[in-house]
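Written out below as structure tokens is the structure these notes cover.
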Amino acid sequence: MLQIILKIVLIAMLIILFIEDIRHREISLFLLLATFAMVLALGFSINRISLAEFGLNLLFILLQVAFLLFYLLITRRKPSMLLKSYLGIGDILFWLIPAFYFQLLEFILFSLVCYISVVSGYGILFLIKRKPITIPLAGLMALFMGIYMILDWNSNCLISNYVFSVINIL
């Protein structure tokens, strides 16, 4: 019963994160911390991932940031602009929330689906509006995580189970 309440509250908090980021293009630190605390509580209550898996997810986040910095260097942009122009601190802090919820394979696939969906959607929007658009990355990732949690209501590893079944078929 506690797990159901935690999931419902976490999904509600993710929806609030989404709405706040869409409206204001920023997320309150209190809401991020409260959501992270809820993910920790849920993760520990259902033994979702271990600290070692969380560490691997953190390495994946660091790898993404390293690639972003490398991209900025090869395109002759200042790496110091990463947090000023390209990513918000809320985006980076939000990465900790799914990092503690998903196993490594799930986290990588979740991230890829989010990035491809966001870039595709906002790319089309940019083509229509023809003006620069800021992307509420953390909010959209929160929305995707909430949708994932609803789809994954009765199991604990929806993406991993699907990927492993596809791999076994091949």
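The values are calculated or read from the model by the stated rules, or taken from the named source; none is laboratory data. Given the structure is predicted, the values throughout are model-derived calculations rather than measurements. Positions of Cβ are backbone-derived with ideal geometry, glycine not excepted, and every protein chain shown enters the neighbour counts. For the accessible areas, the whole protein counts, side chains as well, though only heavy atoms, and no ligand, DNA or RNA atoms are used. Shrake-Rupley method; radii C 1.70, N 1.55, O 1.52, S 1.80 Å.
With a Förster radius of 35 Å applied to the C-beta separation of residue 127 and residue 73, the computed FRET efficiency comes to 0.80. Largest GNM mean-square fluctuation across 123, 55, 139, computed for the chain with C-alpha springs under 10 Å, falls on 123. What are the ³J(HN,Hα) couplings of the range 45-52, residue after residue, when phi is run through the Karplus curve with 6.51, -1.76, 1.60 and θ = phi - 60°? Round to Hz, x for glycine and proline. So the J values, rounded to whole Hz, are 6, 10, 6, 5, 9, 8, 5, 5. Over all other residues within a Cβ to Cβ distance under 14 Å of residue 94, the charged ones net out to -3, with Lys and Arg as +1 and Asp and Glu as -1. Note on the chain: with a GNM built from Cα contacts shorter than 10 Å, the maximum mean-square fluctuation among 46, 74, 61 falls on 74. Taking label positions 7 Å along the Cα-Cβ direction at both residue 153 and residue 25, the computed distance is 3.7 nm, reported to one decimal. Per residue, the chain exposes 60 Å² of accessible surface when a 1.4 Å probe is rolled over the protein heavy atoms with every protein chain present. Compute the helix-to-body angle for 158-169: its Cα long axis versus the longest principal axis of the chain, expressed 0 to 90° and rounded to tens. The angle comes out near 90 degrees. Note on the chain: with neighbouring protein chains present and a 1.4 Å probe, carbon and sulfur make up 73 percent of its accessible heavy-atom surface. Which one is right for this structure if semi-axes √(5λ) of the Cα gyration tensor in Å is calculated from it: [x] 27, 19, 17; [y] 30, 17, 15; [z] 45, 22, 14? The listed entry that was calculated here is [x].
Build a GNM of the chain with springs between Cα atoms under 10 Å apart, and of 56, 73, 32 the one that fluctuates most is 73.
The helix-based estimate of mean residue ellipticity at 222 nm for the chain, built from -39,500 (n - 2.57) per DSSP H run of four or more residues and divided by its residue count, is -25500 deg cm²/dmol to the nearest 500.
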